[in-house]
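These notes concern the structure reproduced below.
The values are calculated or read from the model by the stated rules, or taken from the named source; none is laboratory data. Note that the structure is a prediction, hence the values are computed from the model and not measured. So basically every Cβ, Gly included, is an ideal-geometry build from the backbone, and we count neighbours across all protein chains shown.
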Amino acid sequence: MAHADDAIKAWVSAVPKKNADGNVIEWTCEYSYTKGDHSHTFRKSEKIDTPSKAPGSYTKAELLTLMNKDHWDDMFNKKYASWTATPVVETVDSSFDVSTLSDS
């Protein structure tokens, strides 16, 4: 199961920009994912090529499709995996003696 599948998802905002006819010419949306202590909010603006609908005529599903929710799911999966990964252990050997190396 992908991390985005069981994350809590919530709308933060959906802000329409309208033309003189009241039809949406652009949406700016924010949508959040939370899983355990990890959360991320995605923000995207998308222009409408052929404005023909008022803001209230859209559905949440249409907005998620317009914003490419599948990409957001994929990005959250990657971010969550990174957040929860075991950190790489790095050590510094301050006592290394460079004079022990060959000259060539």
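Annotation note: Cβ proximity below 8 Å between a residue of region 75-104 that is without any contact (Cβ under 8 Å) to a residue 40 or more places away in the chain and a residue that is surrounded by 10 or more Cβ atoms within 10 Å (Cβ to Cβ) and of a type in the set (A, V, I, L, M, F, W, C) (sequence gap 6+ or interchain) occurs for M75/F42. Here T41 meets each of (1) part of a helix (DSSP H, G or I); (2) modelled with pLDDT of 95 or more; (3) in contact with an Asp or Glu (Cβ under 6 Å, 6 or more places away or on another chain); (4) not charged (D, E, K, R) with one exception, condition (1).
Based on this model, can you work out whether F76 counts as surrounded by 12 or more Cβ atoms within 10 Å (Cβ to Cβ), of a type outside the set (G, A, S) and in contact with a Ser or Thr (Cβ under 8 Å, 6 or more places away or on another chain)? When the stated conditions are applied, F76 does not pass them. If you go through region 59-75 one residue at a time, do you hit one that is charged (D, E, K, R), out of contact with any helix residue (DSSP H, G or I) (no Cβ under 6 Å at 6 or more places or on another chain) and modelled with pLDDT under 95? No: region 59-75 contains no residue that is charged (D, E, K, R), out of contact with any helix residue (DSSP H, G or I) (no Cβ under 6 Å at 6 or more places or on another chain) and modelled with pLDDT under 95. Return the residues of region 14-31 that are without any contact (Cβ under 8 Å) to a residue 24 or more places away in the chain and loosely packed, with under 11 Cβ neighbours inside 10 Å; say none if nothing qualifies. A20 - this is the single residue of region 14-31 that is without any contact (Cβ under 8 Å) to a residue 24 or more places away in the chain and loosely packed, with under 11 Cβ neighbours inside 10 Å.
Which of (1) at pLDDT 95 or above; (2) part of a helix (DSSP H, G or I); (3) exposed (fewer than 14 other Cβ atoms within 10 Å of the Cβ) is the odd one out, the single condition S52 does not satisfy? Tallying (1) at pLDDT 95 or above; (2) part of a helix (DSSP H, G or I); (3) exposed (fewer than 14 other Cβ atoms within 10 Å of the Cβ), S52 fails exactly one: (2). Among the residues making up region 83-101, those that are out of contact with any strand residue (DSSP E or B) (no Cβ under 9 Å at 6 or more places or on another chain) and either charged (D, E, K, R) or closer than 22 Å to V12 by Cβ (or both) are E90, D93, D97. Scanning for something exposed (fewer than 15 other Cβ atoms within 10 Å of the Cβ), among the polar types (S, T, N, Q) and free of Cβ contacts under 8 Å to residues at least 24 places away in the same chain, does region 32-39 turn up at least one residue? Taking every residue of region 32-39 in turn, none turns out to be exposed (fewer than 15 other Cβ atoms within 10 Å of the Cβ), among the polar types (S, T, N, Q) and free of Cβ contacts under 8 Å to residues at least 24 places away in the same chain.
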